[in-house]
1. Give the accessible area for residue 64 in Å² (nearest 10); use a 1.4 Å probe, count only protein heavy atoms, and leave out ligands, DNA and RNA.
2. Can you give the extra length, in nm with one decimal, that the chain gains between residue 55 and residue 127 once fully stretched, where that is 0.36 nm per residue apart less the Cα-Cα distance?
3. Within straight cross-link reach of residue 51, meaning Cα distance under 18 Å, which aspartates and glutamates are found once same-chain residues fewer than 8 apart are removed?
4. With only alpha-carbon atoms in the gyration tensor, what are the semi-axes of the equivalent ellipsoid for the stretch 80-129, in Å, largest first?
5. Kirkwood Rh, Cα Rg: Rg to Rh for the stretch 110-170?
6. Dipole of the stretch 44-150, Cα-centred, from +1 at each Lys and Arg C-beta and -1 at each Asp and Glu C-beta, to the nearest 20 debye?
7. Ordering 53, 162 by how much accessible area each has at a 1.4 Å probe, largest first, what is the list?
8. So if we plug the beta-carbon distance of residue 120 and residue 89 into 1/(1 + (r/R0)^6) with R0 = 35 Å, what FRET efficiency do we get, rounded to 0.05?
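The values are calculated or read from the model by the stated rules, or taken from the named source; none is laboratory data. All values reported here derive from a predicted model rather than from experimental measurement. All Cβ positions, glycine included, derive from the backbone under ideal geometry; neighbour counts span all protein chains shown. Each accessible area value is taken on the protein alone, full model and side chains, heavy atoms only, with ligands, DNA and RNA left out. Shrake-Rupley method; radii C 1.70, N 1.55, O 1.52, S 1.80 Å.
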Amino acid sequence: MHPGTDNNSQFAVDGVETGNQHAGGYPFPLDAVVLAGTHQNIKRLITGRNKAFLEVGGEVLVRRVVKALLEAGTIDQIFVVGPADELLETFAGFPNRVHIIAQRGKMLTNAWAGIEAAEDFRRNDTDIPVRDRPLLAISCDLPLATGRSIDDFVARCAKEDFAADTPYAM
């Protein structure tokens, strides 16, 4: 178990119970980086907006993805990278497992910002060195993602990692 992680804890977000019990695969829950940055090219925006904040089924896309991650038993901390002010408003009242990271630029730069935040969070973890800790990177625009589908994906990646001489799946 990692510092600050209570594998028996449960949360409710909009009436949906969430928890962080890891299920199968890796011997510990993974952290996730959600990429929700805004591109400055007007052609990449949808109706002039960052797609992370578009609504699908009455709910903001990035919020749907984070709720799925919270429901997944294989995920612990969640680092959402994008426009901080909008994200802070969107995730007000969410569990403290959800961390908002200000975007730094384009997609790869933002991905590194999320990775660095996740590594900094685990820096003093003596059980698993940061360099050996897998991490899930996920886009903000997956409206059909569920906790179950994320758990399945992580379990399949773990299977590949454990079968390989050098882990590569996560």
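1. 60 Å²
2. Taking 0.36 nm per residue and subtracting the Cα distance, the gain is 21.9 nm.
3. Once the sequence-local aspartates and glutamates are set aside, what remains near residue 51 is 59, 85, 86, 89, 141.
4. Equivalent-ellipsoid dimensions as semi-axes: 21, 16, 6 Å.
5. Rg/Rh: 1.00.
6. 300 debye
7. Accessible-area ranking of 53, 162, largest first: 162, 53.
8. 0.90
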